[in-house]
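These notes concern the structure reproduced below.
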Amino acid sequence: RSNGLIATAFLTLAGLIGSLFAVFLFSSGIVRRVQRLERDAVLLAEGKALPTPEAGRDEIGQLAERMGEASRLLRAREQALREGEERFRLVIEGVRDYGIFALDPEGQIVSWNTGAERIKGWRSEEILGAHFSVFYPGEDARERSMRNLGDAVRHGRVEDEGWRVRKDGTRFWANVVITALYDDGGALRGFSKVTRDITERRRAQ
């Protein structure tokens, strides 16, 4: 009887130890997979490609598959967005008869196309960061330029004609359209400005 009790106790202890070991292995596997999901979430937030997820039909495996699908979808959308932005940039850069550039909410120049360089004379590296009042002649240049921005904010856009100044100091008669740009939340992000040199038309009139 004593031997039987000892054997039973030994088998019970062995079973308990085996169960604990199995639970440890199972828990370690879950922790490892969760850590991999955490790493994949960081990669997803950084816009990087995710490694191929481990096969699994439980909740963790399905979540890994969903994250992989989300990563592929995001990368496809980012690629389409980059291609669209590149096409838009090429279109804007290819316009030579219109000066097209963007301003921040304070009127600083943040983009500059080939047409603006041809009409006004400044290269992009010379003019980016400057205030667009530099194109207005007279001592009240900044006041008049900011008045145009204020009108664009109030009405959405403003159209103006008047004398403007080139880099070399010469003047030309310009038709200008300034449009206020807002984000999805309704916050002012800046302005687009389109300028045409209509000096010859004015002379003809």
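The values are calculated or read from the model by the stated rules, or taken from the named source; none is laboratory data. Not measured: the values here are computed from a predicted model. Heads up, the Cβs are rebuilt from the backbone with ideal geometry, glycines too, and the neighbour counts pull from every protein chain shown. Ligands, DNA and RNA are stripped out before the accessible areas are found, and what is left, the full protein with its side chains, is counted by its heavy atoms. Shrake-Rupley method; radii C 1.70, N 1.55, O 1.52, S 1.80 Å.
Using a simple spin-label model with pseudo-atoms 7 Å out from Cα toward Cβ, Glu126 and Arg144 lie 2.2 nm apart. Restricting the trypsin sites (Lys or Arg not before Pro) of the stretch 155-205 to loop positions (DSSP other than H, G, I, E, B) with no more than 12 neighbouring Cβ atoms within 10 Å leaves nothing. What the Cβ-Cβ distance of Thr170 and Arg87 gives, at R0 = 35 Å and to the nearest 0.05, is a FRET efficiency of 0.50.
How much FRET efficiency would the formula 1/(1 + (r/R0)^6) give for Asp183 and Gln205, where r is the Cβ-Cβ distance and R0 is 35 Å, rounded to 0.05? Can you show the working numbers first?
Values: r = 40 Å, r/R0 = 1.15.
With R0 = 35 Å, the Cβ-Cβ based efficiency is 0.30.
Solvent exposure of the stretch 105-205 amounts to 55 Å² per residue of accessible area, where only protein heavy atoms count and the probe is 1.4 Å. Here the Karplus curve 6.51 cos²θ - 1.76 cosθ + 1.60, taken at θ = phi - 60°, turns the phi angles of the stretch 97-103 into couplings of 8, 10, x, 10, 8, 10, 10 Hz, with x standing for Gly and Pro. Note on Ala76/Arg36: beta-carbon distance plugged into 1/(1 + (r/R0)^6) with R0 of 22 Å gives a FRET efficiency of 0.45.
For Trp122, the amide hydrogen comes within under 5 Å of the amide hydrogens of Lys167, counting only partners 5 or more places away or on other chains and with H modelled in the peptide plane.
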